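Can you keep this structure in mind? I'll have questions shortly.
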Amino acid sequence: MIIGTRGSNLALAQTRKVAGLLKEKGFLTTEKIIKTDGDRFVDRPLYQVSTGVGAFVRELDDAMVEEGIEIAVHSMKDLPTLRPPELITAAVLVRDSPYDVLLTKEGLSIDELPKNAMIGTSSMRRRAQLLRYRPDLRVEELRGNIDTRIRKLNEGQYDGILLAEAGLERMGWDDIVRVRLPIDDFCPSPNQGTVAIVALANTPAVDAVALLNHRPSQIETQIERLVVKDLEGGCTTPIGAYAKFELDGKTIRVRAEVLSCDGTKSIKADQKISADNWKAEAEQMGKELASSGGKMLADEAVCYIQQLRNQKL
């Protein structure tokens with residue numbers, strides 16, 4: 001089977017992990033690299049990419065539909081909610097770390113950073129959360145793949161940078177010193193830390209990939225999507241969501257929030273829902289988050305980001 005992937009080192013690491021798992025199940029794959037809009041515009045933040053939603057996904061989707069590529073591997077947080085009917089998210093792997101982490105040369109925590117320290121991030125969510133937690137910090141754009149971002153830190157272009165810890169894990173960079181940011185203050189992007197495998201409908205790939213599915217991670221990621229669905233914010237809006245099964249397996253704790261781009265306003269939700277009725281309860285939680293001011297705040301953020309994009313075009 002042909003397995004499509006982006007060409008970054010992180011994307012290739014994810015894809016080769018999936019290829020190895022499929023091989024253990026008796027299925028061989030051939031790798032094909034597809035370049036996406038998100039890979040082409042490495043000199044600007046994602047919110048400035050005019051194609052917007054699906055910047056890291058669209059070309060892979062097209063290649064699957066038009067060229068018959070059977071499988072594609074994605075960071076699940078990049079997958080838009082609306083998907084082509086020909087493509088099936090056939091498996092969600094066991095979730096890696098959902099945390100954001102701070103990297104500095106000295107291994108400082110966010111509280112130990114000096115006043116007015118310059119922090120790099122490509123995420124509007126992380127920017128807003130940083131400014132809420134430490135309004136004195138200078139938050140600057142940071143683009144490029146994970147290798148480039150760490151190089152820029154080591155060159156002294158930033159006092160610190162924020163990354164998803166899952167990326168470091170998948171690259172095998174356990175020796176890189178990082179400080180986890182608490183989820184209560186830095187709720188991650190929906191589906192952060194999760195790899196999704198998409199298969200072309202009506203092909204043997206669907207059943208093959210389904211063998212790799214981790215049901216708890218699949219439910220958690222679906223909940224995160226449901227709870228932010230009514231915000232209609234898109235992937236660049238400052239929105240976080242994180243769902244996690246409790247140890248008893250009967251309840252799921254769900255946290256979500258939407259912020260203004262400057263971090264001065266936010267609406268949060270934090271509930272425990274039933275594992276037996278997770279879909280309905282997640283949908284209700286999402287409606288309450290939206291109606292309590294979350295939708296208005298998300299709309300304001302979308303307008304602000306559009307203004308920034310127009311200024312750069």
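Can you work out which of the residues in the range 275-313 that are in contact with a Lys or Arg (Cβ under 7 Å, 6 or more places away or on another chain) and of a type in the set (Gly, Ala, Ser) is most open to solvent (accessible area, probe 1.4 Å)?
Among them, the one singled out is Ala275.
Continuing with the same structure: For the range 216-233, does any single residue satisfy the condition of being within 22 Å of Arg126 (Cβ to Cβ) and open to solvent by 70 Å² or more (accessible area, probe 1.4 Å)?
Looking through the range 216-233, at least one residue is within 22 Å of Arg126 (Cβ to Cβ) and open to solvent by 70 Å² or more (accessible area, probe 1.4 Å).
Further question on the same structure: Return yes when Val209 is of a type outside the set (D, E, K, R), open to solvent by less than 30 Å² (accessible area, probe 1.4 Å), farther than 27 Å from Asp184 by Cβ and at pLDDT 95 or above and no when it is not.
Values: of a type outside the set (D, E, K, R): yes; open to solvent by less than 30 Å² (accessible area, probe 1.4 Å): yes; farther than 27 Å from Asp184 by Cβ: yes; at pLDDT 95 or above: yes.
Against the criterion (of a type outside the set (D, E, K, R), open to solvent by less than 30 Å² (accessible area, probe 1.4 Å), farther than 27 Å from Asp184 by Cβ and at pLDDT 95 or above), Val209 qualifies.
Which residue, of Ala256, Ala243, is part of a strand (DSSP E or B), at pLDDT 95 or above, closer than 21 Å to Phe186 by Cα and touching a Gly at 6+ places or on another chain (Cβ under 9 Å)? So that I can check it myself, show each step before the final result.
Working: Ala243 fails: touching a Gly at 6+ places or on another chain (Cβ under 9 Å).
Residue meeting the stated conditions: Ala256.
May I pose another question? Which one is farthest from Glu70 (Cα to Cα) among residues in the range 182-225 that are outside any helix (DSSP H, G or I) and β-branched (Val, Ile, Thr)?
Of all residues in the range 182-225, those outside any helix (DSSP H, G or I) come to 182-204, 211-214.
Subset that is β-branched (Val, Ile, Thr): 183, 194-195, 197-198, 203.
On the way: Ile183: 36, Thr194: 20, Val195: 17, Ile197: 10, Val198: 8, Thr203: 7 Å.
Here the residue is Ile183.
Now for a different question. Starting from residues that are touching a residue at least 60 places away in the same chain (Cβ under 8 Å) and among the polar types (S, T, N, Q), keep the ones in the range 105-148 and report whichever is farthest from Lys77 (Cα to Cα).
By that ranking, first place goes to Ser109.
What about Glu86, is it under 29 Å from Leu21 (Cβ atoms) and over 21 Å from the mean Cα position of the chain (by Cα)?
Working: under 29 Å from Leu21 (Cβ atoms): yes; over 21 Å from the mean Cα position of the chain (by Cα): yes.
Yes: the conditions hold for Glu86.
Looking at (1) part of a loop (DSSP other than H, G, I, E, B); (2) among the hydrophobic types (A, V, I, L, M, F, W, C); (3) without any contact (Cβ under 8 Å) to a residue 12 or more places away in the chain, find the lone condition where Cys303 falls short.
Just one mismatch for Cys303, condition (1).
Here's a follow-up. Looking at the range 145-178, which of its residues are in a helix (DSSP H, G or I) and hydroxyl-bearing (Ser, Thr, Tyr)? Let's see the steps before the verdict.
At the first step, the residues of the range 145-178 found to be in a helix (DSSP H, G or I) are 146-154, 165-171.
Selection gives Thr148 alone.
For the range 279-295, does any single residue satisfy the condition of being over 22 Å from Asp96 (Cβ atoms), modelled with pLDDT of 95 or more and in a loop (DSSP other than H, G, I, E, B)?
Within the range 279-295 (the criterion being over 22 Å from Asp96 (Cβ atoms), modelled with pLDDT of 95 or more and in a loop (DSSP other than H, G, I, E, B)), the answer is no, since none of the residues qualifies.
Quick one: which helices (runs of 4 or more DSSP H) lie wholly within the range 37-139 and hold at least 1 residues that are under 29 Å from Ser217 (Cα atoms), at pLDDT 90 or above and open to solvent by 10 Å² or more (accessible area, probe 1.4 Å)?
On the way: elements: 37-40, 58-67, 124-133.
Hits in the range 37-139: 58-67, 124-133.
Mind listing whichever residues of the range 185-202 are at pLDDT 95 or above and more than 22 Å from Asp78 (Cβ to Cβ)?
The one that is at pLDDT 95 or above and more than 22 Å from Asp78 (Cβ to Cβ): Asp185.
The values are calculated or read from the model by the stated rules, or taken from the named source; none is laboratory data. Since the model is a prediction, treat every value here as computed from it, not as a measurement. Here the Cβ is made from the backbone with ideal geometry for all residues, glycine too, and neighbour counts use every protein chain on show. These accessible areas exclude ligands, DNA and RNA; they are computed on the full protein's heavy atoms, side chains included. Shrake-Rupley method; radii C 1.70, N 1.55, O 1.52, S 1.80 Å.
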